[in-house]
Amino acid sequence: MFRGGPGRPEIFAPAAREALRESVARPEDVRPMLEYYRRSVRRALSGALPVYPPVRQPALLLWAERDAALGNQLIAPHTRFATDLTIRRLPDCGHFVQQERPDAVNALLAGWLRATRGVVTPSPE
């Protein structure tokens, strides 16, 4: 994942890849992460997807266009769950957007935060 997932594999130096590998080397370390995906796939296959109320607060979705794990076709469903969603796509970027394109991510996040400052919808009581 750390060699093939990034659009630019060189962002993860060998020492960084080794530290990441060690962090998920034992089954008990990786089980919680994998359980999230197992449950998601089971729900999707069974048709028993949970129904959540839509998110009405401004939201930002940064999407890597070269993410091998999360294809671009997965962008559209997010618009059903967030009514005020800003989508920014990062070309030439793989799964690890903040490591691969930190300047672009920071600029997009800072701009979005400036644009949405003070824009908060009261929660229904």
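So the values come out like this:
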item: Options Leu34, Leu45, Leu20: the member that is part of a helix (DSSP H, G or I), without any contact (Cβ under 8 Å) to a residue 24 or more places away in the chain and under 16 Å from the mean Cα position of the chain (by Cα); result: Leu34
item: When residues of the stretch 56-90 are limited to those that are in a loop (DSSP other than H, G, I, E, B) and without any contact (Cβ under 8 Å) to a residue 12 or more places away in the chain, the one farthest from Arg117 (Cα to Cα); result: Gly71
item: Of residues in the stretch 25-53 being modelled with pLDDT of 80 or more and of a type in the set (A, V, I, L, M), the one farthest from Leu70 (Cα to Cα); result: Ala25
item: Matching residues, the stretch 91-108, being crowded, with 16+ Cβ neighbours inside 10 Å and either part of a helix (DSSP H, G or I) or hydrophobic (A, V, I, L, M, F, W, C) (or both); result: Cys93, Phe96, Val97, Gln99, Glu100, Ala104, Val105, Leu108
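The values are calculated or read from the model by the stated rules, or taken from the named source; none is laboratory data. A quick note: this is a predicted structure, and the numbers were derived from the prediction, not measured. For neighbour counting, all protein chains shown are included, and Cβ atoms are generated from backbone atoms with ideal geometry for every residue, glycine included.
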